[in-house]
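Trainee: Would you mind keeping the following structure in view while I ask a few things?
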Amino acid sequence: MSTQTVMVLSGPNLNLLGEREPEVYGADTLEDHMEVARRAAATHGLDVEHMQSNHEGELVDAIHAARDDCAAIVINPGAFTHYAWAIHDALAAFEGPVIEVHLSNPAAREPWRHTSVVAPVAAGTIAGFGGDGYRLAMDAVAALLASS
């Protein structure tokens with residue numbers, strides 16, 4: 001059996017993690033979080049492919065490409081969470097599990113962050129656990145893949 005790949009997608013401004021609002025997002029960089037994701041995935045026999053973009057269309061293209069190559073998607077859409085219907089639609093066309101991840105808890109922040117257009121097409125959302133959310137997401141992906 002070949003190793004299954006999980007596409008991890010990171011939305012706008014996540015390339016600035018470790019510098020941007022560390023009181024909200026912590027001091028770890030995006031690469032630090034991806035190392036957590038890779039280690040967690042490996043414990044389940046999964047590989048991780050990662051892509052970060054500040055551009056909605058690039059994330060949509062990556063979701064489309066994942067339809068052919070990936071068993072699951074873990075996505076931290078950043079601000080696109082709240083209004084990017086193109087990402088919603090692309091994820092709806094993906095047949096594997098989708099897990100939404102947020103380092104902070106959007107429900108405990110500004111009111112405009114309380115609505116996610118991604119949540120309706122995700123198997124679940126992991127929010128508020130910082131970088132540990134990526135480990136939890138990989139555990140969830142592995143459980144969902146095992147049950148399918």
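Trainee: Do you know which of the residues in region 1-60 that are among the small types (Gly, Ala, Ser) and part of a helix (DSSP H, G or I) is nearest to ASN76 (Cα to Cα)?
Mentor: Filtering first and then ranking leaves ALA37.
Trainee: Of everything in region 30-65 that's in contact with a Pro (Cβ under 9 Å, 6 or more places away or on another chain) and closer than 18 Å to ALA93 by Cβ, which residue is surrounded by the most Cβ atoms within 10 Å (Cβ to Cβ)?
Mentor: For region 30-65, the residue satisfying everything is LEU59.
Trainee: Could you tell me how many of the residues in region 37-58 are under 11 Å from the mean Cα position of the chain (by Cα) and either over 23 Å from ARG113 (Cα atoms) or not polar (S, T, N, Q) (or both)?
Mentor: 3
Trainee: So THR81 ticks every box in (1) more than 28 Å from GLY45 (Cβ to Cβ); (2) over 13 Å from the mean Cα position of the chain (by Cα) but one. Which box is left unticked?
Mentor: Exception for THR81: condition (2).
Trainee: If you don't mind, there's one more thing I want to ask. Scan VAL6, VAL24 and give me the residue that is of a type in the set (A, V, I, L, M) and buried (at least 18 other Cβ atoms within 10 Å of the Cβ).
Mentor: Only one candidate qualifies: VAL6.
Trainee: Separate question: Could you check, for region 26-42, whether at least one of its residues is closer than 22 Å to ARG109 by Cβ, in contact with a helix residue (DSSP H, G or I) (Cβ under 7 Å, 6 or more places away or on another chain) and touching a residue at least 60 places away in the same chain (Cβ under 8 Å)?
Mentor: For region 26-42, residues closer than 22 Å to ARG109 by Cβ, in contact with a helix residue (DSSP H, G or I) (Cβ under 7 Å, 6 or more places away or on another chain) and touching a residue at least 60 places away in the same chain (Cβ under 8 Å): present.
Trainee: Could you list all residues from region 89-148 that are buried (at least 17 other Cβ atoms within 10 Å of the Cβ) and hydroxyl-bearing (Ser, Thr, Tyr)?
Mentor: Correct list: SER104, SER116, THR125, TYR134.
Trainee: Give the residues of region 55-83 that are in contact (Cβ under 8 Å) with a residue 60 or more places away in the chain, under 16 Å from VAL101 (Cα atoms) and aliphatic (A, V, I, L, M), sorted by residue number.
Mentor: Selection gives ALA72, ILE73, VAL74, ILE75, ALA79.
No value in this document is a laboratory result; all are computed from the given coordinates. A quick note: this is a predicted structure, and the numbers were derived from the prediction, not measured. Because the Cβ atoms are built from the backbone with ideal geometry, glycine has one as well, and the counts that use them run over all protein chains shown.
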